[in-house]
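Structure, as structure tokens:
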Amino acid sequence: MAQAALVIGCAGAGEDEGTEEVVDSSDAVSDSYAQTRYPIVLAHGMAGFDSLFGVVDYFHGIESNLRSSGADVYVTQVPAFNSTEERGEALLAQVEDIAARSGKGKVNLIGHSHGGLDIRYVASVRPDLVASVTSVGSPHKGAEFATYLRGNVKGGSFTEGVLSFFANKLGTALGLLSGHSNPQDALAALDSLSASGMATFNAEYPAGIPSTTCGQGAATVDGIKYYSWSGTGVLTNVFDAGDYALGLTSTFYGEADDGLVGKCSSHLGTVLRDDYNMNHLDEVNQLVGITALFSTDPKSVFRTHANRLKSAGL
């Protein structure tokens, strides 16, 4: 079976090593190229949604691209702002339903940002339902911006109250605009994404976490394959308004990052690549497909990974 094209940058002890897989173009255009054994379940990040008004998708163009290549794809919806455990429980209920309705019994989980932590939770508490876990730009060792906010916004302060109020209202609005109603807790979300919050989470749910600062984690745990990829681009397209906000948040990081997640913090399981020319929004083809020119198309990365899962019998 032909292997899909992807330059793999595996970071270990702060170094990248790349290998290149050659694509068979005849296989690449096949309508079964991304047809995995188990359904693919996409999980959004903080302030995320499945689809707004049924028009604006969080994973912009990715679901349809996978479907056109034979994949059975489901997009989930959890609270935009809440702890990883609360979001994970909301995701678990949907995974149980998908596994049952599809008749496959298991799913391939792919989560972006906070969604990458949610899927780790699901895999840890219900490994029988999960074939693979893939995180995209997720802060497995914590996000420095979240750590900064948690350390500088005092508990019970006016600033904390304002931050919580507006974030919770935004989360509620996003839920309603996408046809869902979920409980919001922005402060719990902030705690979850901080370095200390992630240290606690990793102690409870360690599967796939590297034992070294910037290495790779176990490729397989409890029969579940673990993968990750991320980017280190920030200002990738002058026409993308999101780039400017990410340029500001990027100043809080002491390592290469995508604007919200550090390169080494994104590592989980087999690190497929950690240096795409993508920022945090580009990783899911946002804003609305405005990404770096002359660089890897985010849709092709998801599609190639689906083929990788297919080749692994997943």
So S230, is it more than 19 Å from G88 (Cα to Cα), touching a residue at least 24 places away in the same chain (Cβ under 8 Å) and not β-branched (V, I, T)
yes
Would you be able to tell me the number of residues in segment 106-129 that are in contact with a strand residue (DSSP E or B) (Cβ under 6 Å, 6 or more places away or on another chain), part of a helix (DSSP H, G or I) and of a type in the set (A, V, I, L, M, F, W, C)?
2
Residues (open to solvent by 50 Å² or more (accessible area, probe 1.4 Å) and either of a type outside the set (S, T, N, Q) or closer than 16 Å to W229 by Cβ (or both)) located in segment 114-152:
V125, R126, D128, K141, E144, F145, Y148, R150, G151
When segment 286-311 is checked residue by residue, the ones that are out of contact with any Ser or Thr (no Cβ under 8 Å at 6 or more places or on another chain) and among the small types (G, A, S) are G289, S300, S311
Tabulated pairs, segment 201-225, first touching a residue at least 60 places away in the same chain (Cβ under 8 Å) and among the charged types (D, E, K, R), second open to solvent by less than 40 Å² (accessible area, probe 1.4 Å) and not in a loop (DSSP other than H, G, I, E, B), C-beta under 6 angstrom, 6+ apart or interchain
K225/S132
Need the failing condition index for R37 against (1) open to solvent by 50 Å² or more (accessible area, probe 1.4 Å); (2) at pLDDT below 50, just the number.
(2)
Among the candidates L272, L287, L268, which residue alone is modelled with pLDDT under 95 and under 19 Å from L42 (Cα atoms)?
L287
Could you list, in sequence order, all residues of segment 78-109 that are open to solvent by 10 Å² or more (accessible area, probe 1.4 Å), under 23 Å from S64 (Cβ atoms) and either in contact (Cβ under 8 Å) with a residue 40 or more places away in the chain or of a type in the set (F, W, Y) (or both)?
Q94, S102, K104
Cβ-Cβ under 7 Å, sequence separation 6+ or interchain: first residue in segment 234-251 and in contact (Cβ under 8 Å) with a residue 12 or more places away in the chain, partner exposed (fewer than 14 other Cβ atoms within 10 Å of the Cβ). Which pairs?
V234/G247; L235/G247; N237/L293
Please tell me if T249 is surrounded by 15 or more Cβ atoms within 10 Å (Cβ to Cβ), touching a His at 6+ places or on another chain (Cβ under 9 Å) and part of a helix (DSSP H, G or I).
yes
Among the residues of segment 226-246, what is the count of those that are of a type outside the set (V, I, T) and either in a loop (DSSP other than H, G, I, E, B) or touching a Gly at 6+ places or on another chain (Cβ under 7 Å) (or both)?
11
Note on segment 56-77: residues surrounded by 18 or more Cβ atoms within 10 Å (Cβ to Cβ), in a loop (DSSP other than H, G, I, E, B) and either on the phi > 0 side of the Ramachandran plot or aliphatic (A, V, I, L, M) (or both) are A71
Given the criterion part of a strand (DSSP E or B) and either surrounded by fewer than 23 Cβ atoms within 10 Å (Cβ to Cβ) or out of contact with any helix residue (DSSP H, G or I) (no Cβ under 6 Å at 6 or more places or on another chain) (or both), identify the matching residue among V301, V271.
V271
Here are some conditions: (1) open to solvent by 10 Å² or more (accessible area, probe 1.4 Å); (2) assigned to a loop (DSSP other than H, G, I, E, B); (3) farther than 21 Å from K106 by Cβ. G313 meets all but one. Which one does it not meet?
(3)
Can you pull out every residue in segment 219-253 that is in contact with an Asp or Glu (Cβ under 7 Å, 6 or more places away or on another chain) and among the small types (G, A, S)?
S230, G231, G233, S250
Within segment 267-311, how many residues are of a type in the set (A, V, I, L, M, F, W, C) and at positive phi?
2
Filter result (surrounded by fewer than 22 Cβ atoms within 10 Å (Cβ to Cβ) and touching a helix residue (DSSP H, G or I) at 6+ places or on another chain (Cβ under 7 Å)) within segment 224-246:
L235, N237
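The values are calculated or read from the model by the stated rules, or taken from the named source; none is laboratory data. Quick caveat: nothing in here was measured; it's all calculated off a predicted structure. No Cβ is skipped: glycine too gets one built from the backbone with ideal geometry, and neighbour counts run over all protein chains shown. Keep in mind that these areas ignore ligands, DNA and RNA; they rest on the heavy atoms of the full protein, side chains included. Shrake-Rupley method; radii C 1.70, N 1.55, O 1.52, S 1.80 Å.
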